[in-house]
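The values are calculated or read from the model by the stated rules, or taken from the named source; none is laboratory data. All figures in this text were calculated on a predicted structure; none of them were measured in a lab. Cβ placement follows ideal geometry from the backbone for every residue including glycine, while neighbour counts extend to all protein chains displayed. Keep in mind that these areas ignore ligands, DNA and RNA; they rest on the heavy atoms of the full protein, side chains included. Shrake-Rupley method; radii C 1.70, N 1.55, O 1.52, S 1.80 Å.
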Amino acid sequence: MAHKVVVVGSSVAGIRTAQALTADGDADVTVTVIGEEAEWPYDRPPLSKQILAGAWDRERIALIAEADAAAAGIELRLGVAAAGLDATARRVKLADGGVVGYDTLVIATGLSARPSPWRPESGVHLLRTLADSTNLKQHLVPGSSVVVIGGGFIGAEAAAAARTAGCEVTVVDPVAVPMARVAGPVLGELLSQVHARHGVDARFGVGVGSVTGAAGDLTVTLDDGTRLRAATVVVGIGATPNVGWLADSGLTIDDGVVCDEYLAAVGAPGVYAVGDVARWPHPVLGTLVRSEHWTNATDQARCAARNITHPDARVPYRPSDYVWSDQYDWKLQLIGRPVAGGQDALVGDLAGQRPQAAVLHADAAGRVCAAAVVNWPKALLQCRRMIAEGASLDQARERLAVPPRT
Ligand SMILES: Cc1cc2nc3c(=O)[nH]c(=O)nc-3n(C[C@H](O)[C@H](O)[C@H](O)COP(=O)(O)OP(=O)(O)OC[C@H]3O[C@@H](n4cnc5c(N)ncnc54)[C@H](O)[C@@H]3O)c2cc1C
């Protein structure tokens with residue numbers, strides 16, 4: 001009898017898991033993917049970039065071709081959510097009343113955008129799904145005013161797309177340098193300046209009190225009393241794991257599905273979790289973490305698939321911790337995880353319209369363990385190698401050739 005794998009979640013983690021499970025044509029595995037979205041599986045990073053900018057169409061972001069899914073024998077059941085899990089009987093209950101049995105279950109249900117706490121009549125947009133992106137795009141017309149609440153990755157990318165479309169854009173965030181949360185203070189400040197240079201009005205260090213009105217005529221009132229008029233508001237204030245359907249399943253749910261180092265879910269045999277919903281012990285940080293980034297989702301898909309198909313030779317998950325963001329013509333790339341008690345070193349030149357620079361981060365022993373790089377993909381590759389080799393900060397500084405100013 002073929003080993004039956006059911007994957008719940010039809011985005012990048014789920015689809016890449018299904019592909020990895022079927023890659024070597026192993027006839028002993030059957031794979032069914034259950035996806036709540038009726039849309040053919042699509043990739044999310046372009047939603048705040050090329051799709052929002054109108055540069056790419058929907059076909060370009062398909063995660064798998066229909067013919068390839070059929071050839072691999074991957075069954076896709078789209079437009080139906082998993083509503084419950086009986087982990088003892090190894091059965092997934094579907095929202096349409098159906099039941100699907102499994103030998104191994106892979107949970108890849110990702111995140112939902114945190115809902116806006118501000119509820120005017122209309123005009124507030126979130127940005128997580130293809131429908132969100134195509135809907136928002138229609139409102140990014142030249143000259144219209146857009147307020148983006150949240151200056152993290154999604155907010156910053158939405159602001160860049162809106163500004164590029166010719167909108168008047170204001171970004172609000174209670175943190176003084178929002179991108180510093182991910183890129184560190186130096187590059188975070190630099191990225192704030194890029195938005196200012198493109199004409200974005202940044203209101204950082206102040207929160208939002210209320211959003212009132214309706215689409216086309218909204219008022220965003222800040223905590224300091226400032227009132228901003230907007231035709232459209234975009235709220236990018238984070239996302240939360242889709243774990244509601246796992247209540248009473250016996251799995252350990254704590255800000256995601258808690259897993260061991262093999263990505264096996266804690267609390268029931270035969271269950272794995274991958275992608276944004278998985279929380280697992282990070283080998284460097286030594287704590288449970290959840291990653292909300294694309295490369296982690298694809299890396300975990302490969303790892304979990306390998307562990308399912310090689311139960312006697314399972315491998316622990318080793319994250320590359322790679323993240324990127326595109327804003328205007330700037331590319332930010334992060335690799336590794338900064339640790340407490342470490343130190344930073346800047347390589348490169350921060351001046352110029354589009355500087356190329358890297359901030360290296362070394363652990364307490366002086367070994368490079370993370371780097372944040374702007375507009376310098378070659379340095380990112382070198383940093384990746386040096387982190388793997390355990391290079392010292394001095395070695396890394398020497399090896400990274402400073403690029404000429406542009
Ligand atoms: C706008 C945007 C831009 C991004 N840009 C970048 C970037 O530049 N770089 C980067 O590294 N990362 C980026 N990311 C993050 C990246 O897209 C995610 O890390 C990745 O999508 C995670 O994949 P996932 O499959 O784990 O989860 P998700 O993509 O969240 O997919 C989960 C899927 O499961 C489905 N689902 C949920 N509950 C159920 C249920 N009960 N039953 C069935 N199906 C269910 C959902 O409908 C969804 O289709 C971006 C994300 C967004 C939203």
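Applying the set (1) in the same structural domain as L94 (by TED's automatic domain parsing); (2) open to solvent by less than 60 Å² (accessible area, probe 1.4 Å); (3) touching a residue at least 24 places away in the same chain (Cβ under 8 Å) to P281 leaves exactly one unmet item: (3). Taking the criterion of being more than 19 Å from C383 (Cβ to Cβ), touching a Gly at 6+ places or on another chain (Cβ under 8 Å) and of a type in the set (S, T, N, Q), the only residue of segment 291-324 that qualifies is Q300.
For segment 190-197, does any single residue satisfy the condition of being among the polar types (S, T, N, Q) and either more than 16 Å from the ligand (Cβ to nearest atom) or open to solvent by 40 Å² or more (accessible area, probe 1.4 Å) (or both)? Scanning segment 190-197, I find at least one residue that is among the polar types (S, T, N, Q) and either more than 16 Å from the ligand (Cβ to nearest atom) or open to solvent by 40 Å² or more (accessible area, probe 1.4 Å) (or both), so the answer is yes. When segment 143-182 is limited to residues that are open to solvent by 40 Å² or more (accessible area, probe 1.4 Å) and away from the ligand (no atom under 16 Å from the Cβ), the one that is nearest to L52 (Cα to Cα) turns out to be R163. In the condition set (1) open to solvent by less than 20 Å² (accessible area, probe 1.4 Å); (2) outside the structural domain of G390 (by TED's automatic domain parsing), G286 is compliant with all but (1). Across segment 118-142, the qualifying residues are those that are away from the ligand (no atom under 16 Å from the Cβ) and free of Cβ contacts under 8 Å to residues at least 40 places away in the same chain, and the one among them that is surrounded by the most Cβ atoms within 10 Å (Cβ to Cβ) is V141.
Of all the listed residues (G336, G390), the sole one being modelled with pLDDT of 90 or more, touching a Lys or Arg at 6+ places or on another chain (Cβ under 7 Å) and on the phi > 0 side of the Ramachandran plot is G390.
Hey, does segment 333-349 have a residue that's surrounded by fewer than 19 Cβ atoms within 10 Å (Cβ to Cβ) and within 11 Å of the ligand (Cβ to nearest atom)? Scanning segment 333-349 turns up no residue that is surrounded by fewer than 19 Cβ atoms within 10 Å (Cβ to Cβ) and within 11 Å of the ligand (Cβ to nearest atom).
The set of residues in segment 1-17 that are outside any helix (DSSP H, G or I), within 16 Å of the ligand (Cβ to nearest atom) and either more than 15 Å from G270 (Cα to Cα) or among the aromatic types (F, W, Y) (or both) comprises G9, S10, S11. Could you check V220 against (1) surrounded by 15 or more Cβ atoms within 10 Å (Cβ to Cβ); (2) in contact with a Gly (Cβ under 6 Å, 6 or more places away or on another chain) and say which number it fails? The single condition V220 does not satisfy is (2).
Can we say I308 is touching a helix residue (DSSP H, G or I) at 6+ places or on another chain (Cβ under 8 Å), modelled with pLDDT of 95 or more and away from the ligand (no atom under 16 Å from the Cβ)? When the stated conditions are applied, I308 passes them. Scanning segment 191-222 for residues that are of a type in the set (A, V, I, L, M, F, W, C) and in contact (Cβ under 8 Å) with a residue 60 or more places away in the chain yields L191, V194, V208, V211, A214, A215, L218, V220. Can you find a residue that is within 16 Å of the chain's Cα centre (by Cα), more than 7 Å from the ligand (Cβ to nearest atom) and not small (G, A, S) anywhere in segment 18-38? No, because not a single residue in segment 18-38 is within 16 Å of the chain's Cα centre (by Cα), more than 7 Å from the ligand (Cβ to nearest atom) and not small (G, A, S).
Starting from residues that are under 30 Å from W330 (Cβ atoms) and of a type in the set (G, A, S), keep the ones in segment 1-54 and report whichever is most open to solvent (accessible area, probe 1.4 Å).
A53
Of all residues in segment 44-62, those that are within 13 Å of the ligand (Cβ to nearest atom) and on the phi > 0 side of the Ramachandran plot total 0.
If the condition is being aromatic (F, W, Y) and open to solvent by less than 40 Å² (accessible area, probe 1.4 Å), then segment 233-262 contributes only W245.
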